[in-house]
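What follows is a short report on a single structure.
Read-outs throughout are calculated quantities, based only on the coordinates presented, and are distinct from any laboratory measurement. None of the values given here were measured: they were computed from a predicted structure. Here the Cβ is made from the backbone with ideal geometry for all residues, glycine too, and neighbour counts use every protein chain on show.
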């Protein structure tokens, strides 16, 4: 990866403000009405994803399965994410949250070839993510957070009043799940509106994964009875094979890009979190001469190039945000 100035033939960057209501925005992402709950100042989607009503929202962008919001937390921001905990109403509850948080952090930090690193930060320091009691949450919504709206992790995780009855093993699962949301993972079982719009499979994962830690509470049958909440020990090995594959694809220790011949054309693959953008500009060169026009594409980490005649090829992927495009991958 090198740095370059803006190229010729620029594409005008898209407007990034969604003009309709928050509810319209949520529906545009592919969520169905029966998974959206109005909780006063915010909507709660699929049991634990929070959208504030008074926020401006970016236009709907693709949500990927093993699933990712857009934009992700950017790769350059995920290696030292501090996590703190406010005092909960009683000491025993607080201690279980602390123990569950530390276990969840250890599980995330133990993933191979994944740059994400959470750091538990006790005491008065201001952390990147604050875990706190949120009494506004419904009793069957044990935890909630937001997916990133900028290119850094979201800043809070709320636990409802019913979470005081959860064991450390259950909190381990719950907090690992919510931490995943903070950097951009959404629910593996999110099916959108059935049309396929706004939905892309993470390159290394299938369309569904029953073993995923990131399936929703609705998928797991979570109700107000605390015993309905899954335990970390319910998941053999913790994060599933595809959870792990998605994590290393999206947040690799050593970001790289590849251009390979698949017989019918060229596969261009890159880590989506390298760019703080939901769209990228792709340029293709044959023998150092650009082939075709710049192409504006969703930042999913994969693009098929329909060229297979002999030649030396190079592809460049650039951030599609407004202003100077500085991030460049050359293959």
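Arrange the following residues from fewest to most other Cβ atoms within 10 Å of their Cβ: 312, 233.
Fewest-to-most ranking of 312, 233: 312, 233.
On the principal axes of its Cα set, how long, how wide and how thick is region 22-250? Give whole Å, largest value first.
Over region 22-250, Cα extents along the principal axes are 48, 41, 32 Å.
Out of the DSSP beta bridges found with both residues in region 63-183, what percent are antiparallel (nearest 5)?
Details: 3 of 13 bridges.
Of those bridges, close to 25 percent are antiparallel.
Would you please give the FRET efficiency between residue 34 and residue 256, computed as 1/(1 + (r/R0)^6) with r the Cβ-Cβ distance and R0 = 30 Å, to the nearest 0.05?
For R0 = 30 Å, the calculated efficiency reads 0.15.
Could you work out the percent of alpha carbon pairs in region 226-331 separated by over 24 Å, rounded to a whole number?
Numbers: 2072 of 5565 pairs.
Here the long-distance tail beyond 24 Å is 37 percent of all Cα pairs in region 226-331.
Can you put 190, 220, 133 in order of Cβ neighbours within 10 angstrom, beginning with the fewest?
By the 10 Å Cβ count, ascending, the order reads 220, 133, 190.
Order the peptides 182-189, 247-254, 38-45 from the highest to the lowest mean number of other Cβ atoms within 10 Å of their residues. The partial results should precede the final answer.
Working: 182-189: 25.0, 247-254: 19.1, 38-45: 15.2.
Top of the packing list down: 182-189, 247-254, 38-45.
Which value, in Å to one decimal place, does the Kirkwood hydrodynamic radius take for region 117-165 when every pair of different Cα atoms is included?
12.0
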